[in-house]
Amino acid sequence: MTFLLFSGLGFSNGQVFKQKAEVELSDLIKKIEIKYDVSVTYESDISFKFTKKQVSVVLNKKTAEEALNETVKKKNLTFKKIRKDYFVLIKKGKSDNKTSEDQTSIYTEKTITGTVKNNTGDFIPGVSVIAKEDNSIAAMTDSEGKYIITVNQKIKTLIFNYIGYKTKEVVIGNQTEINVVLQEDLFDIEEVIVSGVAGNTPTKKLAVTVNKINADKLSEAPASSSASALQGKIPGILVKSSFGSPGSGTTIQMRGATSIRGNSPPLIIVDGVMVNTNLADINVDDIASYEVVKGAAASALYGSKAGNGVIVITTKRGKNLKESFKIRVRNEYGISNLQNELNLATHHPYQLAADNADFPYTKYEGVTYDNNGRVISGSRLLTDSAYADQNYAIVRDQQKEFFKQGKYYTNYFSLAKKDNNTNMFLSFENHKNSGIVFATEGYSRKNFRFNADTKIGKYISISTSNMYMLAETDNPGTSKGFSDVLFVQPDVDLNKPNDDGSPYHYK
């Protein structure tokens, strides 16, 4: 008898037959997983073969359970349903086998809930809850310190971790609710800076010098403006007022005078936005932190405008609260006076007119006056000795007339609130500083700020930062008026009106 095989066909005595094909268990399981969208696992030593007819019968079943029932029929196998979409094949009589137990235990899940607090009883949001045996299983506490994590039976320990607190490990055991108290770890905090183009970077790894001031440090020595708040708190930074009058601009130098005129201001960024404004117009009570970046390398982070350094200001938001609701009210009132007066001359070296005693002003020889005592022509003549020993007709305290007692006040109100998905910060400030120069109103400012963050669904977050500011300034304009007072004659009445009725004539 002779057989010829060709493409799966055989010939015997003129008769044709098909070669019998078989399917491995692994291939059948793959087909079941694809058709019924389930997962099936089994021990590696389980191996069976199936005919195409048997495979067809299995795959014609309506459900995965019916298909698996047909698969294990007459195979000394059984299966166990772990969850809706997961099954395990097990040899009959060996359900207590360690391997089988390991396979089923991996997919037997339970949910653990709980809260995380600090040692003062406050809830801690943002705590990482990680399975020690599998870092891919993790959760995070919400704004109320609550967490939910689902683990399988292979996970024995949970790790609770948060910056500024000691890491804590808790054995799960039979617990389904685990409440944790974390202890502060003040000696294991490494400062992290959020740079302009990179993620969180440890300070020691930065190529630039970064100094940070938070709200707690600002409150230790309250400042009248956001510019003066930097003075004395950061080494190497010089903050000075341009003219000294209320609300006047400030000059901030981080790297010395890098231009001929000494005008080398740093770049100012408020809540991620570059601004071109006077720092005096920003309410210091709304500031959560300053980050001052010094060095020319700051240009690599913020561009060419940052060549003289960068001041990054972050304003307060509701999400930074430890509690869910906070109201803050601050009222401040004070007075200001000229600290010192200079001793000015009360005599002069000029010749007095013969009829000087008949006039309410000092009349000099060689000068022609009108009826109001104003000079028409001529010039004063020195005495022979040129000593300043001649009396003025009247001596006024010009410094006392020019300067007054100034008053300043600040009324501030803020409201902060947060919940699971939304937080907000609202503030209003009314500030007034009259200054110490007579006939001027000084500087007044009204600030309104509204910051909010909200989360919509799982992937969308919306944040807004808004500020409205109205500032009014009524100052002498420059410091020249102060020097003029020092050189004006002491018999001049600064309050005497001009000929046209406008106030304050003096020569």
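Determine whether LYS233 is charged (D, E, K, R), in the same structural domain as VAL284 (by TED's automatic domain parsing), at pLDDT 75 or above and crowded, with 16+ Cβ neighbours inside 10 Å. When the stated conditions are applied, LYS233 passes them.
Filtering SER434, SER483, SER414, SER385 for residues that are farther than 30 Å from LEU321 by Cβ, hydroxyl-bearing (Ser, Thr, Tyr) and touching a residue at least 40 places away in the same chain (Cβ under 8 Å) leaves a single hit, SER434. If you filter segment 75-112 down to residues that are polar (S, T, N, Q) and closer than 26 Å to THR63 by Cβ, you find that the one that is modelled with the highest pLDDT is THR78.
Looking only at residues of segment 280-305 that are among the aliphatic types (A, V, I, L, M) and modelled with pLDDT of 75 or more, we find that the one that is farthest from ASN423 (Cα to Cα) is VAL293. THR464 meets each of the listed conditions (1) surrounded by 13 or more Cβ atoms within 10 Å (Cβ to Cβ); (2) under 29 Å from the mean Cα position of the chain (by Cα); (3) of a type outside the set (Asp, Glu) apart from (1). Mind checking whether some residue in segment 162-184 is among the polar types (S, T, N, Q) and either in a strand (DSSP E or B) or modelled with pLDDT of 90 or more (or both)? There is at least one residue in segment 162-184 that is among the polar types (S, T, N, Q) and either in a strand (DSSP E or B) or modelled with pLDDT of 90 or more (or both). In this structure, LYS458 qualifies as more than 30 Å from GLU341 (Cβ to Cβ) and assigned to a loop (DSSP other than H, G, I, E, B).
Those residues that are surrounded by 13 or more Cβ atoms within 10 Å (Cβ to Cβ), touching a helix residue (DSSP H, G or I) at 6+ places or on another chain (Cβ under 8 Å) and among the hydrophobic types (A, V, I, L, M, F, W, C), I need them from segment 306-347; list them, please. Listed by number, the residues that qualify are ALA306, VAL310, ILE311, LEU338, LEU344. The criterion of at least 1 residues that are modelled with pLDDT of 90 or more, farther than 30 Å from GLY145 by Cα and under 45 Å from the mean Cα position of the chain (by Cα) is met, among strands (runs of 3 or more DSSP E) falling completely within segment 328-421, by 406-418.
The values are calculated or read from the model by the stated rules, or taken from the named source; none is laboratory data. Small disclaimer: the values here were computed from a predicted structure and weren't measured. All Cβ positions, glycine included, derive from the backbone under ideal geometry; neighbour counts span all protein chains shown.
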